[in-house]
2 protein chains.
Amino acid sequence: MGVTKTEIFTTDQNRLADLAKAFAHPARVAILQILTTRKTCVCGDLVEELSLAQATVSQHLKELKRIGIIQGEIDPPRVCYCINPEVWAEAQTAFGDLWKAFSPATCCP
Amino acid sequence: MGVTKTEIFTTDQNRLADLAKAFAHPARVAILQILTTRKTCVCGDLVEELSLAQATVSQHLKELKRIGIIQGEIDPPRVCYCINPEVWAEAQTAFGDLWKAFSPATCCP
DNA sequence: TCGATTCATCGCAATATTGCAATGTATTTT
DNA sequence: AAAATACATTGCAATATTGCGATGAATCGA
């Protein structure tokens, strides 16, 4: 029904799914890539770099903020976005645990 | 409009977004976790482990197959699923590149 | 105070996703 | 051949996502 049955999964599974959502759209991938490579924190020039309307970019930023992987500092009239190091590390660890769990030898022949 | 403008992003960005989709739903996370930890390849007992209808599990498996991260071997009347090591490694590398690109020092104060 | 600037939010339309019952397709067993 | 088993697919309903124009909120400069 378009509604995920979150209650039948563990907290960790739901959290990892949420973290993955941060990367599950090319616009958000692009935003995160820009934020990782900029020395200074970019703000709304994200709108210029991406060929998307300002409202659309703002919505992706909102979703990334909900997940917690980015944070915005208000520097009127601008808002400076940057990656949240704690959550970034959390994602790194969560995915790292998955990578570790698999070794090709256990796969079917 | 619910339709992603894939054409304005790079192939790599679209691919990473697709790989992330494999992990962007707790049911798929659970499936992948089961596949990584099982010594032998599990088949449809995924349906029993997850509290989801068989049709729903089948659809998640279909999506994972579309992305390429799992593969199914037909062993009538069963189908044996396992992780595709190449795509698993691809995902590992793609995310690894992202992790590398960020160092906390570049973030806003 | 009046614009101008920057961003968030609202409201809408189009499409995608999630979930399941029912049904279809192979294959094996009896 | 008939029944059983294991999955896939179809069709539907409910909800989520994507995208954008328009509008709102906050702040700064003239």
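The values are calculated or read from the model by the stated rules, or taken from the named source; none is laboratory data. Note that the structure is a prediction, hence the values are computed from the model and not measured. Counting neighbours? That spans all protein chains shown, and the Cβs are built from the backbone with ideal geometry, glycine included.
For the stretch B:41-83, which residues satisfy the criterion of being in a loop (DSSP other than H, G, I, E, B) and more than 11 Å from chain A (Cβ to nearest Cβ)?
Matches in the stretch B:41-83: B:44, B:45, B:68, B:76, B:77.
What number of residues within the stretch B:58-79 satisfy the criterion of being free of Cβ contacts under 8 Å to residues at least 40 places away in the same chain and more than 7 Å from DNA strand D (Cβ to nearest atom)? Write out each step before concluding.
Initially, the stretch B:58-79 is screened for residues free of Cβ contacts under 8 Å to residues at least 40 places away in the same chain, giving B:58-62, B:65-66, B:68, B:70-79.
With more than 7 Å from DNA strand D (Cβ to nearest atom) added as a condition, the list becomes B:60, B:65-66, B:68, B:70-71, B:73-76.
Here the count works out to 10.
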(message) Criterion first (over 13 Å from the mean Cα position of the chain (by Cα) and surrounded by fewer than 16 Cβ atoms within 10 Å (Cβ to Cβ)) does residue A:49 satisfy it?
(response) yes
(request) Kindly indicate whether any position in the stretch A:11-19 is more than 10 Å from DNA strand C (Cβ to nearest atom), outside any helix (DSSP H, G or I) and of a type outside the set (A, V, I, L, M). (result) no
(message) If I ask for residues that are modelled with pLDDT of 90 or more, charged (D, E, K, R) and exposed (fewer than 15 other Cβ atoms within 10 Å of the Cβ), which ones from the stretch B:68-109 would you list?
(response) B:86, B:97, B:100
(request) Would you check which residues across the stretch B:27-40 are more than 12 Å from DNA strand D (Cβ to nearest atom) and either farther than 15 Å from residue A:22 by Cβ or not in a helix (DSSP H, G or I) (or both) and list them? (result) B:27, B:28, B:30, B:32, B:33, B:34, B:35, B:36, B:37, B:38, B:39, B:40
